[in-house]
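What follows is one structure encoded as structure tokens, with my remarks underneath.
The values are calculated or read from the model by the stated rules, or taken from the named source; none is laboratory data. As the structure is a computational prediction, the values presented were derived from the model and not from experiment. Neighbour counts are summed over all protein chains in view; Cβ atoms, including those assigned to glycine, are modelled from backbone coordinates with ideal geometry. In case anyone asks, the SASA skips ligands and DNA or RNA and just uses the protein heavy atoms, side chains included. Shrake-Rupley method; radii C 1.70, N 1.55, O 1.52, S 1.80 Å.
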Amino acid sequence: MPRLVLVRHAKAVDRMDADDDFERGLTPRGRNDAADTAMTLHKAGVCISLALVSPAQRTLQTFIAMKEALGNPAFEDPMALYHASPDMLLRAATEALDRADTVMLVGHNPGIGVLAQNLAERAGRLQEMPDGYPTSAATVFTSTNPSLDRLTLDLIIDPKAR
């Protein structure tokens, strides 16, 4: 069954401490939070086949902090994912699910958070989602098909609740 894992990038340095938004890297806390999220996914038996990662520094660093715990999955970093809309993220995910059985999408708010909320609503579990979809948050959805028509929400990781 196709599985989609949505992850918001981990805590990044402040905008004022970077030359531009694209180059903002993770804080030490961000690296630790990303690794913790990956370990939680691993302990839940989530094994990623393909990761789609925004090419921004903070999303790539989030993926790097997570990849070993997730089995070192293949990844792609198309520019179209940088601050992509929820619709664009959903389109990228469904296309990837035609090629891989478990896809992880590492992105930015508001797009990744809105997509997670929209899919949680489809699964009938919107009320359980964390407010604002915090950094290093993750949600795991399973569907009966790659188009994500029928969904279950299997896992919610809210780092602020730890």
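Structure notes:
- Region 77-162 - Rg (one decimal) and Dmax (whole number), Cα, Å: 12.3, 34
- Residues of region 49-162: accessible area per residue with a 1.4 Å probe, Å²: 43
- Probe 1.4 Å, all protein chains present, accessible-area order of Tyr133, Tyr82, largest first: Tyr82, Tyr133
- With R₀ fixed at 41 Å, the C-beta to C-beta distance from Lys160 to Cys47 puts the FRET efficiency at about 0.95.
- Averaging the Cα positions of each part gives two centres, and for region 71-137 and region 1-69 these lie 12 Å apart.
- Sorting Asp131, Asp77 by solvent-accessible area of protein heavy atoms yields Asp131, Asp77, largest first, with a 1.4 Å probe.
- On the principal axes of its alpha-carbon atoms, the chain has extents of 44, 32, 28 Å, going from largest to smallest.
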